[in-house]
1. Which is away from the ligand (no atom under 16 Å from the Cβ) and over 20 Å from GLN155 (Cα atoms), of GLY75, GLY65, GLY104, GLY30?
2. Can you tell me which of ALA316, ALA330, ALA403 is under 22 Å from GLY152 (Cα atoms) and either more than 19 Å from the chain's Cα centre (by Cα) or without any contact (Cβ under 8 Å) to a residue 40 or more places away in the chain (or both)?
3. Pairs only if they're at least six apart or on different chains, beta carbon under 7 angstrom, first in segment 1-15 and touching a residue at least 40 places away in the same chain (Cβ under 8 Å) and part of a loop (DSSP other than H, G, I, E, B), second among the aromatic types (Phe, Trp, Tyr) and open to solvent by less than 60 Å² (accessible area, probe 1.4 Å); list them, first residue then second.
4. Considering each of GLU52, GLU82 in turn, give the residue that is touching a residue at least 12 places away in the same chain (Cβ under 8 Å), outside the structural domain of ALA220 (by TED's automatic domain parsing) and out of contact with any Gly (no Cβ under 7 Å at 6 or more places or on another chain).
5. Looking only at segment 193-214, count every residue that is open to solvent by less than 40 Å² (accessible area, probe 1.4 Å), touching a helix residue (DSSP H, G or I) at 6+ places or on another chain (Cβ under 7 Å) and farther than 17 Å from LYS13 by Cβ and tell me the total.
6. Do we find a residue being away from the ligand (no atom under 16 Å from the Cβ) and polar (S, T, N, Q) anywhere in segment 284-307?
7. Among the numbered criteria (1) of a type outside the set (A, V, I, L, M, F, W, C); (2) assigned to a helix (DSSP H, G or I); (3) open to solvent by 40 Å² or more (accessible area, probe 1.4 Å), which one does ARG100 miss?
8. Answer yes or no as to whether GLU439 is in the same structural domain as GLU261 (by TED's automatic domain parsing), in contact with an Asp or Glu (Cβ under 9 Å, 6 or more places away or on another chain), within 12 Å of the ligand (Cβ to nearest atom) and at positive phi.
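The values are calculated or read from the model by the stated rules, or taken from the named source; none is laboratory data. Small disclaimer: the values here were computed from a predicted structure and weren't measured. Positions of Cβ are generated from backbone atoms using ideal geometry, with glycine treated the same way; all protein chains shown enter the neighbour counts. Heads up: the accessible areas ignore ligands, DNA and RNA and are worked out on the full protein's heavy atoms, side chains in. Shrake-Rupley method; radii C 1.70, N 1.55, O 1.52, S 1.80 Å.
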Amino acid sequence: MRHVTTSLFELFKIGPGPSSSHTIAPMRAGRDFLRRCRALPREALHLAERFEVRLLGSLSATGQGHGTDRAVIGGLLDYCPEHCPADLLSRLTRPEEPHRVDLGGREIPLQPGDIVFGAIHHDHPYANTMIFRLMGGEKILLEQEYYSVGGGFLQWKGWVAPETGNPEHPYSTMLDLRRALHRTGLPLHELILQNEQAVTGSSMPEVVEGLDRLVDVMLAAVDNGLNTEGVLPGSIGLNRKGPTLLLRACEKGIRDRFLLELNAYAVAAAEENATGHCVVTAPTAGASGVLPSVIKVMLDGFKLPRMAVRRGLMAAAAVGFLCKHNASIAGAEVGCQGEVGVASSMAAAMLAYGFGHDFRVAENAAEIALEHHLGLTCDPVEGLVQIPCIERNAMGAVKAYNAYLIAAAELPAHHVVDLDRAIHAMAETGRDMNTKYKETSRGGLAVSMVNC
Ligand code: SF4
């Protein structure tokens, strides 16, 4: 069986919201296609006149609301998700002039009409498929098929997994990981850190610096959201409520301060994501409010040191790796259980481990949080990552905390369901789930809201 070789910084990626599958991976595809075009022979480039990009699956069903067309334009204009301006996608809304793409000495126009929202059902191997073409008249000068496989991860036709180093402590399942922890006597974060170094060749200071940058971006999303009022972009006209929730939490004599704060932080970060601003995929952009809210509580509320958050992030990553490896973290494949469900599971492990419990409590907390998200569908209203997504992040954060409380209160050995079983159940449930509940806005709330 393949081992987990995903890096911490592949799982946790910085980039523009509102959906890692629909913005981060498409932007990366656009940029990759630009590189391929620039490598064409001069005679072919001379014939190039326009691009044609076809978006399929949920990229078509919800791509407009999720900003996929603008993300593709951003990529073809040579922006990369991690370093693009925070408001890039808003800037690319309704350009009056066509953009000009520099193919290396030759410029061709790029306009929104070059990006076509195609079939939702198709025979390509992945639901979220993109077909990029460089055209000279009716002649296809270059064609490449890309797949957005969840959490901003990108593959393409002919893709082979890149060569990486071998993990120091190989594992494919939680059972393997548990055995490796027993065999080596290492604490969970040490094992994850050693694997990260072995797989990527990074030094420990580089990993620590990378983790701290992720935490800074997550906290900035929370703080920006708490300091921004008004209406979110898009057709719903949804009012931001992060600042209001925080105000309520600060009222004198309020009973539910802790819960209100946790809700406020998750909603604030999710609202920043809905605006298309930069977030950290954890494991996806749509679910990017859950971990930051928990981190904010750990640092500001419980005054835990940064070290506890770094360790907690590594425990969270272990859960995310296993869910990605043995099921999916893509709403288009398994519904929202794979996004907010996995985020909640990761956050529960993070809380348990960050508060000093050992990996068994972290595993049990992760299992409880995931178990109680099983079957959760993805049905974003108007194709926007707003309803139910924003409040769902708050629910994911609160469930994570509750899962941590339950796991920490019981003897680890008394817990009956292990994480592998919950992940397996998520994969099976996702397989059985009707496509209309997989990020297509063709079922659930997305439909009943329209019908009302
Ligand atoms: S419902 Fe969940 S999976 Fe679907 S777009 Fe919203 S956050 Fe993502």
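1. Working: GLY75 fails: over 20 Å from GLN155 (Cα atoms); GLY65 fails: away from the ligand (no atom under 16 Å from the Cβ); GLY30 fails: over 20 Å from GLN155 (Cα atoms).
The conditions single out GLY104.
2. Testing whether each residue is under 22 Å from GLY152 (Cα atoms) and either more than 19 Å from the chain's Cα centre (by Cα) or without any contact (Cβ under 8 Å) to a residue 40 or more places away in the chain (or both) leaves just ALA316.
3. Listed pairs, sorted by first residue: HIS3/TYR171; VAL4/TYR171; VAL4/PHE321; THR6/PHE321.
4. Of GLU52, GLU82, the one residue that is touching a residue at least 12 places away in the same chain (Cβ under 8 Å), outside the structural domain of ALA220 (by TED's automatic domain parsing) and out of contact with any Gly (no Cβ under 7 Å at 6 or more places or on another chain) is GLU52.
5. Within segment 193-214, residues that are open to solvent by less than 40 Å² (accessible area, probe 1.4 Å), touching a helix residue (DSSP H, G or I) at 6+ places or on another chain (Cβ under 7 Å) and farther than 17 Å from LYS13 by Cβ number 1.
6. No.
7. ARG100 satisfies every listed condition except (2).
8. yes
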